[in-house]
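The values are calculated or read from the model by the stated rules, or taken from the named source; none is laboratory data. All values reported here derive from a predicted model rather than from experimental measurement. Cβ: placed from backbone, ideal geometry, glycine included. Neighbour counts: every protein chain shown. Note: accessible area is taken over every heavy atom of the protein model, side chains too, but ligands, DNA and RNA are not part of it. Shrake-Rupley method; radii C 1.70, N 1.55, O 1.52, S 1.80 Å.
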Amino acid sequence: MVDTATDARTGPEAPAGALTAEGFARVTDAILAAVGTVIDGKPDAVRSSLVCLLAEGHLLIEDVPGVGKTMLARALATSVDATVRRIQFTPDLLPGDVTGVSVFNPVDREFEFKPGAIFANIVIADEINRSSPKTQSALLEAMEERQVTVDGRTHFVPEPFLVVATQNPLEMEGTYALPEAQRDRFMMRISMGYPDARSEALMLRQRDTANPLDQLAPVVSADQVSGLIGWARAVHVAPAIEDYAVALAQATRTHSDLRLGASPRATLQLVRAAKVWAALDGRGFVIPDDITALLAAVFAHRLIPTRAAGGARGGSAADAIATILERIAANVRVPIASRQ
């Protein structure tokens, strides 16, 4: 654990209101460094996962098998000393396996709830698009409302709560496309990508005899994470920055090459993620660069291009969306701070 007793004013064990920007950055730097010992050469992916945790969102990692998607989720969970459950999504997985079921107790002669795997601080939904849409939908209520309703009774998931889902590219066999409502529940979608030659060679040497995940120790507790979340919520967002985020979202809804733009939930999550992004840089306020840095990760998976735009010049829909977002970011007016 991070020792914070030396500075009661800035340490993460202090009340959320007493935590400073420098203290927040110091603790989160320790978390990033810890996860980075397991995930070689992918600092952007590690940072994005921490942003989702502290912004109270959820993370979707899309990539080919074997590039460290599940390892990233496990490393983050271990570094924050939180309860972790892993669900391997398969075609025969049932919704009750995720949420839990009511079982009749013959002794008490009544039904009692048996919690499913969703009841943990960090839930790893591995290969989520290999299960049917019916099973995928079992996550919807928990991801949005942080509760599960079974047989008319509501059960709350623990706090903090993060779903880290991995999915294989849709071109691979045995996959189901995530419906729009499911994708919209994820704050960010990222791709791990292949490691560079140096990182891959280092992985071969380091992991030949030991798994670095086994050597990873918790950096902060779940209670301390709640304090960090509370501090990040209070990061200042000027009205001009809020208007900038709304203008970007509005631009996706009116763009001629998009048939589905960003939802209001996307705008809200963009600002929440930008607050954490700013805090990770040691700032207590959001700047336009924080918004644009997160634009693709937060918006891209929610957008659907028109048929003409998606197949333009033989490119993929993902390439078309990336190009559209770049144009939108270039055309929407960036707010400039006024001088007093």
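If only residues of the range 190-221 that are outside any helix (DSSP H, G or I) and of a type in the set (Ser, Thr, Tyr) are counted, the one that is farthest from Val46 (Cα to Cα) is Thr209. Filtering the range 193-248 to residues that are over 28 Å from Gln167 (Cα atoms) and acidic (Asp, Glu) leaves Asp223, Glu242, Asp243.
Quick check on my filter: what residues within the range 75-100 are hydrophobic (A, V, I, L, M, F, W, C) and in a loop (DSSP other than H, G, I, E, B)?
Within the range 75-100, Val80, Ala82, Phe89, Leu93, Leu94 qualify.
Filtered by the rule that a residue be under 17 Å from the mean Cα position of the chain (by Cα), open to solvent by 10 Å² or more (accessible area, probe 1.4 Å) and at negative phi, the range 127-142 gives Leu140, Glu141. Restricted to the range 296-340, and to residues that are among the basic types (Lys, Arg) and out of contact with any helix residue (DSSP H, G or I) (no Cβ under 6 Å at 6 or more places or on another chain), which residue is modelled with the lowest pLDDT? In this case the residue turns out to be Arg339. Pick from the range 167-185 the residues that are open to solvent by 70 Å² or more (accessible area, probe 1.4 Å) and among the acidic types (Asp, Glu): which of them is modelled with the highest pLDDT? Across the range 167-185, the extreme among qualifying residues is Glu180.
All conditions in (1) at pLDDT below 90; (2) open to solvent by 10 Å² or more (accessible area, probe 1.4 Å); (3) under 17 Å from Pro195 (Cα atoms) hold for Asp44, with the sole exception of (1). Considering only the range 277-295, I want to know if a residue exists there that is modelled with pLDDT of 95 or more, among the polar types (S, T, N, Q), outside any loop (DSSP other than H, G, I, E, B) and open to solvent by 20 Å² or more (accessible area, probe 1.4 Å). Yes, the range 277-295 has at least one match. Residues of the range 201-246 that are over 30 Å from Thr83 (Cβ atoms), open to solvent by less than 40 Å² (accessible area, probe 1.4 Å) and at pLDDT 90 or above: Val237, Ala238, Ile241, Tyr244, Ala245. Per the conditions (1) touching a helix residue (DSSP H, G or I) at 6+ places or on another chain (Cβ under 8 Å); (2) surrounded by fewer than 17 Cβ atoms within 10 Å (Cβ to Cβ), the sole criterion not satisfied by His155 is (1). Can you name every residue in the range 245-268 that is part of a helix (DSSP H, G or I), in contact (Cβ under 8 Å) with a residue 40 or more places away in the chain and under 22 Å from the mean Cα position of the chain (by Cα)? Matches in the range 245-268: Ala245, Leu248, Ala249, Thr252, Arg265, Ala266. Report, ordered by the first and then the second residue, all pairs with beta carbons closer than 6 Å, sequence separation of six or more or different chains, a first member in the range 60-81 that is of a type in the set (S, T, N, Q), and a second member that is open to solvent by less than 50 Å² (accessible area, probe 1.4 Å) and assigned to a helix (DSSP H, G or I). Qualifying pairs under 6 Å: Ser79/Ile31; Ser79/Ala34; Ser79/Val35. Scanning the range 51-74 for residues that are buried (at least 23 other Cβ atoms within 10 Å of the Cβ) and outside any loop (DSSP other than H, G, I, E, B) gives Val51, Cys52, Leu53, Leu54, Leu59, Leu60, Ile61, Lys69, Leu72, Ala73.
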